[in-house]
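First comes the structure, then the notes that go with it.
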Amino acid sequence: MSATRPLHAPMDQFAVKDDCLHIGGMALTELARRIGRTPFYAYDRSIIDRTITELRAALPAEISLHYAIKANPMPALLNHMATLVDGFDIASAGELRAALASGMSAHTISFAGPGKSVAELEAAITAGVTINLESETEFERVIAIAARGAMHPRVAVRVNPDFELKSSGMKMGGGARAFGVDAARVPALLTRIGQAGLHFRGFHIYAGSQNLRAEAIVEAQDLALDLALRLSAHAPGEVETINIGGGFGIPYFPGEQRLDLTPIADNLRTCLPALRERLPGVELIIELGRYLVGEAGIYVAEVIDRKESHGQIFLITNGGMHHHLAASGNFGQVIRKNYPVIIGNRVHGTTREIANVIGPLCTPLDVLASQMEMARAEIGDLIVVFQSGAYGYTASPTRFLGHPEPVEILV
Ligand SMILES: *Cc1c(COP(=O)(O)O)cnc(C)c1O
């Protein structure tokens with residue numbers, strides 16, 4: 001190991017006592033004993049609380065925070081999030097049911113995503129959720145549903161912006177995209193929304209995800225606000241909401257640092273007066289998924305075997321890519337990199353070694369850590385994958401190879 005090798009950002013959101021990781025005020029070994037089996041996901045509500053408190057303290061007070069529930073739709077976690085954020089963003093009828101069951105008010109829920117079925121639209125409109133229109137066809141379906149049921153749907157327009165969120169993990173705007181209506185076609189759609197007498201809410205502009213560069217987020221937010229203001233001139237009624245997206249990332253890989261919120265908050269503070277002048281009553285929304293919950297979660301698997309092959313150590317665990325596709329490197333990564341992984345019951349350990357952490361699936365893709373420096377582990381030890389509170393369980397192929405599902409717990 002060379003001294004210049006990039007390191008993971010410190011995972012200091014969790015306490016370590018007696019060389020054991022603590023989560024929810026409890027030693028990991030004790031939590032594992034109480035759950036009674038491994039693997040499991042554990043989410044620490046106090047870390048979610050702290051993250052949201054700090055975020056709100058940094059951002060201007062009038063910014064609304066929405067939670068994109070696809071990041072983690074666990075029911076207990078949603079119940080908790082419903083008390084902490086100003087709205088939920090959903091992208092399916094299943095997420096609609098989960099969002100409504102959490103107690104979140106329907107009027108603060110918005111429904112984005114391409115390919116909404118008529119049944120999904122009907123359920124969302126009946127519930128009073130805002131539909132973020134992704135196409136002209138979707139607009140026509142909403143009109144038909146409204147006519148059938150004498151309802152007054154709430155709609156926003158998801159705009160495919162003419163810009164992208166630079167250096168993002170996942171880009172969702174700029175150029176040809178499946179998401180939203182091209183900015184150039186939005187004025188015509190707004191006219192039709194006015195003619196149809198729908199309740200127009202505003203604009204949804206989402207340019208990308210997983211960004212750790214504050215300057216890139218500042219630039220995208222400026223462009224989104226500018227675009228929303230230009231389109232507002234064509235609005236069929238008062239613009240009630242402008243959702244300028246999110247994209248706030250968390251550090252997953254060696255060399256990555258936590259996002260600096262200060263430039264983003266400063267820039268929003270600078271932009272707000274001009275926005276207020278043009279649209280006095282508008283609600284400015286930022287929608288986030290992983291930033292709110294990702295750092296609060298760990299995935300825990302147990303060492304089942306310890307092997308050596310050609311001089312390398314292999315820790316074989318009972319969990320892997322079927323539970324945590326993202327940590328295996330198969331959820332959008334181009335080059336596989338290690339998530340932060342430790343031995344949870346020997347954080348520092350007495351001896352350190354370089355090891356591979358491998359799942360039980362019969363495929364070379366089932367890797368949780370590749371040639372990573374960690375405490376020397378024994379059979380029965382607990383492997384911890386940090387940064388696992390978002391895009392973990394529900395973003396994984398749990399049926400693959402027929403192993404048991406992981407447990408999920410909010411502590
Ligand atoms: C996935 C998604 C999000 C959440 O993304 P994160 O990277 O988890 O913050 C927010 N909004 C939309 C429209 C999305 O598709």
- Between segment 60-80 and segment 361-403, the alpha-carbon center distance in angstrom: 26 Å
- Mind pulling the angle between the C-alpha long axis of helix 45-58 and the longest principal axis of the chain? Nearest 10 degrees, somewhere in 0 to 90. 50 degrees
- Using alpha-carbon pairs under 8 Å, 6+ residues apart, how would you state the relative contact order of the chain in percent? 20 percent
- Message: Stokes-Einstein diffusion coefficient for the chain at 10 °C in a medium of 1.306 mPa s, Rh from the Kirkwood formula over Cα pairs: what value in µm²/s?
- Response: 71 µm²/s
- Message: With an 8 Å Cα cut-off and a minimum separation of 6 or more residues, compute the relative contact order for segment 208-314 in percent.
- Response: 33 percent
- Note on the structure: Placing each pseudo-label 7 Å from Cα in the direction of the beta carbon, residue 401 and residue 191 end up separated by a distance in nanometres of 5.8 nm
- Fraction of the pair-distance distribution of segment 289-346 above 13 Å, Cα-Cα pairs, percent: 72 percent
- Query: Projected area of segment 105-288, taken from the Cα convex hull and averaged over every viewing direction, in nm²?
  - Reply: 10.6 nm²
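Among 88, 139, 331, rank each residue by its count of other Cβ atoms within 10 Å, from fewest to most, as a rough exposure measure. Walk me through the numbers on the way to the answer.
On the way: 88 28, 139 21, 331 14.
Final ranking by Cβ density, sparse to dense: 331, 139, 88.
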- Got a sec? Which residues in segment 372-411 would a label at residue 50 touch, if it sits 7 Å along Cα→Cβ and we count backbone N under 20 Å? 384-390, 409-411
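To the nearest 0.05, how large is the calculated FRET efficiency for residue 276 and residue 7 if R₀ is 56 Å and r is the Cβ-Cβ distance? Mind showing how you got there, number by number?
On the way: r = 43 Å, r/R0 = 0.77.
After rounding, the FRET efficiency stands at 0.85.
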- About the Cα centre, charge dipole magnitude for the chain (Lys/Arg +1, Asp/Glu -1 at Cβ), debye: 400 debye
- So what are segment 1-119's ellipsoid semi-axes, whole angstrom, largest first, if each one is the square root of 5 times an eigenvalue of the alpha-carbon gyration tensor? 32, 20, 16
- Query: If the cut-off is a Cα-Cα distance under 24 Å, which lysines reach residue 307, setting aside same-chain residues fewer than 8 apart in sequence?
  - Reply: 337
- Computed ³J(HN,Hα) along segment 394-401: with the Karplus parameters 6.51/-1.76/1.60, θ = phi - 60°, integer Hz and x for glycine or proline, the list is 6, 9, 10, x, 5, 7, 4, 6
- Loop-resident sites, segment 224-281, for GluC sites (Glu not before Pro), counting at most 15 other Cβ within 10 Å (DSSP): 238
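What percent does the relative contact order of segment 321-379 come to when contacts are Cα pairs within less than 8 Å and at least six residues apart?
For segment 321-379, the relative contact order is 38 percent.
With a 10 Å Cβ neighbour count serving as the proxy for reagent exposure, in which order, fewest first, do 111, 386 appear? Show your work: numbers first, answer last.
On the way: 111 29, 386 25.
With the fewest neighbours first, 111, 386 line up as 386, 111.
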- Kindly provide the helix-only [θ] at 222 nm of the chain, computed as the sum of -39,500 (n - 2.57) over DSSP H runs of four or more divided by all residues, to the nearest 500 deg cm²/dmol? -8500 deg cm²/dmol
- Query: Can you give me the Cα centroid spacing of segment 234-310 and segment 150-229 in angstrom?
  - Reply: 16 Å
- Note on the structure: Exposure-ranked with fewest Cβ neighbours within 10 Å first, 162, 222, 89 stand as 162, 222, 89
- Item | Gain in span if fully extended, residue 18 to residue 150, counting 0.36 nm per residue against the direct Cα distance | 41.1 nm
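Each reported figure results from applying straightforward, stated rules to the coordinates on display, with no laboratory input. Just so you know, these numbers come straight off a predicted model, no measurement behind them. All Cβ positions, even for glycine, are placed from backbone atoms using ideal geometry, and neighbour counts span all protein chains on display.
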